[in-house]
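The values are calculated or read from the model by the stated rules, or taken from the named source; none is laboratory data. Note that the coordinates shown come from a computational prediction; the quantities given were computed from them, not determined experimentally. Neighbour counts are summed over all protein chains in view; Cβ atoms, including those assigned to glycine, are modelled from backbone coordinates with ideal geometry.
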């Protein structure tokens, strides 16, 4: 009689893998997750460059270096940079009249440096005949990629008077989704009477890879001639009569046609500068920023200019990409 082999109540448990093998598998799995994370971060960095942090750029340091490169040593007594134009032999004191450090925030909440705008104004030193002021606009902005250097755009604009703009003459405006710009009031005095003055708005902004004057339009004109407006009209009429008589006499002595010259542009007999009363003002506003392109400018004003009535009206200035400037109609081309 054979004996039965006992059967266990539970089947035998499977044999567990050695501890070192489990450790190896866990380590490889962790490395795989880390590799995927690194690949994802690399892709995000490619699509979203790290940019230059705002804390990496000192506005004071960059402005001092910029001005030193272009205008020499700083004069603490005159509170500006002592600059001599080698080509013209004119000496200036150059001062910063506006600066703005532009920053933005990325998706990770970091503050990035977008650019540093600097506007300088150059005043000729006294005793230099016919020397005129100038303004110079600059933009320092990050280069593409991880390059730590800054790209510089800049240009200077010669003015028609020795009066240099001051900080209160500057307005800083958002002109496009990509660029800021300055609207600078620049004055010009009448050559024969310093009380006669016109003021223009000069719009300076970066366009592409250059700093440009993108618009110029009137801001104001003021002049009351000696003796009043009526006396000025009489003097101008008398002067024109004398000029006509002199022209007729000169033509007759040379045997030419003695017909008197005509008034107006065709006769070349328009008054030089402001001879008659002027009291006119214009104001501007910047329109909504489009998603692509430049905001329009609206210029509203009127009054009296050089004895002629200018009806109050509003003119819209539109940016022309072809000329890289705003289109200013002839009605605003008074001075």
- Looking at region 173-200, which of the residues that are out of contact with any strand residue (DSSP E or B) (no Cβ under 6 Å at 6 or more places or on another chain) and touching a residue at least 12 places away in the same chain (Cβ under 8 Å) is nearest to residue 116 (Cα to Cα)? 177
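Listed here are the residues, each with its yes/no results for (1) in contact with a helix residue (DSSP H, G or I) (Cβ under 7 Å, 6 or more places away or on another chain); (2) surrounded by 16 or more Cβ atoms within 10 Å (Cβ to Cβ).
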residue: 68; (1), (2): no, no
residue: 77; (1), (2): no, no
residue: 99; (1), (2): yes, yes
residue: 109; (1), (2): no, no
residue: 112; (1), (2): yes, yes
residue: 115; (1), (2): no, yes
residue: 149; (1), (2): no, no
- Task: Answer yes or no as to whether residue 203 is modelled with pLDDT of 95 or more, part of a strand (DSSP E or B) and over 25 Å from residue 130 (Cα atoms).
- Result: no
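Let's see how each residue does on (1) within 20 Å of residue 134 (Cα to Cα); (2) in a loop (DSSP other than H, G, I, E, B):
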{"site": "55", "(1), (2)": "no, no"}
{"site": "64", "(1), (2)": "yes, no"}
{"site": "69", "(1), (2)": "yes, no"}
{"site": "95", "(1), (2)": "yes, no"}
{"site": "102", "(1), (2)": "no, no"}
{"site": "108", "(1), (2)": "no, yes"}
{"site": "115", "(1), (2)": "no, no"}
- Query: Got a sec? Which of 194, 215, 221 is in a loop (DSSP other than H, G, I, E, B), within 30 Å of residue 307 (Cβ to Cβ) and outside the structural domain of residue 99 (by TED's automatic domain parsing)?
  - Reply: 194
- Some residue of region 164-184 being under 24 Å from the mean Cα position of the chain (by Cα) and farther than 19 Å from residue 100 by Cβ: yes
